[in-house]
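Down below is the structure, laid out as structure tokens.
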Amino acid sequence: MKRWDSSSVASSFYHQIFYWAIKVGRRPLAYCMLAFVVFWYTLLPNVRRRSYPYIKRRFPGAGGIRRWLIAYRLNFCFGLNLVDRAAFGIHNDTVFTATEEDKRKIKELVAEGNGAIMLTAHVGSWQTALAALDFLDQPRSVVLHRAEHDVDHHYFEHREGECPISIIDPMGPLGGSLEMLEVLRRGEILCFSGDRVLGSEKKTVVSD
């Protein structure tokens, strides 16, 4: 099976249409468009193949029609994630909260001057959740692979002005390790996902 990469399924032109819809009609218009767009893409075999391994294991007794419906739902939910991410970046209309205790602990860690590592997982819109650290007013770096043809914008790329978040590509020289080390040496925050495998799977655990 082809290894995962971050290339966008749709072209930049179609992404720009959705960004325009979000600016004009906000989420409701984009959600309506998404329902039809996802229906079309789920008809394409190469798109359905992306989720087939998961559906096969999660729903082993599902027939052809049910598998298609499950694939549609998965694709639609993922699309909602992308729309919400873009809408947050364009309109800044979402508020992230954290307990005062969590804020205090994070501030104490950062104040030590050794940097801090935020280990995340692929649950919901984890990239957008980086905005929950805005209370620190501290530069953040996220380890994130972006393929050459990845045209989808993250929420912070829709913002005007200087971006407080920088991207470190783990497919770069030495896996981006030198850049990560420099971030920690500066006493800044480094974010990355602990459940994404890039490169060799020799030292990973894969469940059948």
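The values are calculated or read from the model by the stated rules, or taken from the named source; none is laboratory data. Not measured: the values here are computed from a predicted model. A quick note on method: Cβ atoms are made from the backbone with ideal geometry, for glycine too, and the neighbour counts reach across all protein chains shown. The area values use the complete protein model at the heavy-atom level, side chains included, leaving out ligands, DNA and RNA. Shrake-Rupley method; radii C 1.70, N 1.55, O 1.52, S 1.80 Å.
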If a residue has to be over 23 Å from Thr94 (Cα atoms) and among the aliphatic types (A, V, I, L, M) to count, how many in segment 112-143 make the cut? 3
If you check every pair at least six apart or on different chains, which have Cβ atoms under 7 Å apart with a residue in segment 157-175 that is free of Cβ contacts under 8 Å to residues at least 40 places away in the same chain and on the phi > 0 side of the Ramachandran plot first and a residue that is of a type in the set (Val, Ile, Thr) and buried (at least 16 other Cβ atoms within 10 Å of the Cβ) second? none
Sort through Ile117, Ile70, Ile106 and tell me the only one that's within 30 Å of Arg185 (Cα to Cα), open to solvent by less than 90 Å² (accessible area, probe 1.4 Å) and either in a helix (DSSP H, G or I) or of a type outside the set (Ser, Thr, Tyr) (or both). Ile106
Here the residues within segment 83-95 that are hydrophobic (A, V, I, L, M, F, W, C) and open to solvent by 50 Å² or more (accessible area, probe 1.4 Å) are Val95
Could you please find all residues in segment 122-141 being assigned to a loop (DSSP other than H, G, I, E, B), open to solvent by 40 Å² or more (accessible area, probe 1.4 Å) and among the hydrophobic types (A, V, I, L, M, F, W, C)? Val123
Condition set modelled with pLDDT of 80 or more and among the small types (Gly, Ala, Ser), scope segment 142-199, selection farthest from Tyr14 (Cα to Cα): answer is Gly187
Does Ala30 fit the bill of being more than 20 Å from the chain's Cα centre (by Cα), within 17 Å of His153 (Cα to Cα) and surrounded by 11 or more Cβ atoms within 10 Å (Cβ to Cβ)? no
